[in-house]
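First the structure, in the form of structure tokens, and then the observations on it.
All of the numbers you see were taken from the coordinates with simple rules; none came from a lab. Only a predicted model underlies this, so the values are computations on that prediction, with no experimental measurement involved. When we count neighbours, we look across all protein chains shown, and the Cβ atoms used for this are built from the backbone with ideal geometry, even at glycine.
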Amino acid sequence: MTDHTAVNTAFGVLGDPHKDFLWTKKALTKLLTAGVKQVHVLGDFGFVWHGSPQERNDLNRLTKVLAEADAYLYVTGGNHEGYAALNRHYPEDEDGYRHLTDRIIWLPRGWRGHTTAGTVVASLGGANSIDKGRRTPPVDGHGGSWWPEEQITEDDLNRLGTDPVDVLLAHDAPRTQALAAKLYPNQGFWTAEGLMYADMGQQMFQRGVEQVKPKVVISGHYHLFLDTTETFHDHTGNAFDTRSIILDCNGFSRSAAVFEPETQTLRILPVV
């Protein structure tokens, strides 16, 4: 049986695939050719939406690519995920994992793993959709384009715990000044309600950051690339530095990378 808490000394990271099969297959192939055996999707995987036969076919085809390299794909959930279909078709096992296939594993929020050297890697998925007002909720657990499970909850933060981690894999990102500066020009595209809702989600994520004080957070969600370091403070006022890496999304060059958790080295692999 595969130990899904065992983290390799190098693994792949993917920004939002958005159910783009051709791009995802190309990105996976590039990462696997580089030698990694584990790839982490940083949210908005999208291949579980309404649970259609086409989605199952796409998952099986991605699994074939992974199997040929004896590799695994791990999903940290985002906001644009079909949570109703996920709950209906892929129940959690006793450890909280959802097995989309035998090689595509959906991680529970608060998951922790570690390298043989003891470097701790954790996962905290979820984010609030800034365009929630343009989307529809499911009816009786079916359909929809917005799902309340996108939100980080108090239970999620409790599962994450307070023990420090070295690397936090996420969809949302820390509240850095650099990210705020990049997002500010786009505020006019969104409603006040959408901006407030998204901000509430990022506040919840920031609480998780302050709980575990990661050295590095690797995220998706914002459809841009950013690599910045900022000083934060926990609830007692103690300062800590966190490097925030945000990968771009499908179709953009800085959306796939190899990360070495023990040295915190990031190597971008452009997908063309």
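Please verify whether the stretch 72-81 includes one or more residues that are without any contact (Cβ under 8 Å) to a residue 12 or more places away in the chain and farther than 23 Å from residue 149 by Cβ. No, the stretch 72-81 contains no residue that is without any contact (Cβ under 8 Å) to a residue 12 or more places away in the chain and farther than 23 Å from residue 149 by Cβ. Applying the selection to the stretch 213-272, what residues are acidic (Asp, Glu), closer than 24 Å to residue 185 by Cβ and surrounded by fewer than 18 Cβ atoms within 10 Å (Cβ to Cβ)? Listed by number, the residues that qualify are 227, 230. When the residues of the stretch 79-101 are filtered to those that are touching a helix residue (DSSP H, G or I) at 6+ places or on another chain (Cβ under 7 Å) and under 16 Å from residue 3 (Cα atoms), the one that is surrounded by the most Cβ atoms within 10 Å (Cβ to Cβ) is 98. So which of 9, 24, 29 is buried (at least 16 other Cβ atoms within 10 Å of the Cβ) and of a type in the set (S, T, N, Q)? From the options 9, 24, 29, the qualifying one is 24.
Contact annotation: residue pairs with Cβ atoms under 9 Å, 6 or more positions apart or on different chains, pairing a residue in the stretch 181-205 that is under 19 Å from residue 171 (Cα atoms) with a partner that is acidic (Asp, Glu) and surrounded by fewer than 16 Cβ atoms within 10 Å (Cβ to Cβ), are 204/154.
Scanning the stretch 252-265 for residues that are touching an Asp or Glu at 6+ places or on another chain (Cβ under 7 Å) and more than 16 Å from residue 29 (Cβ to Cβ) yields 254, 261.
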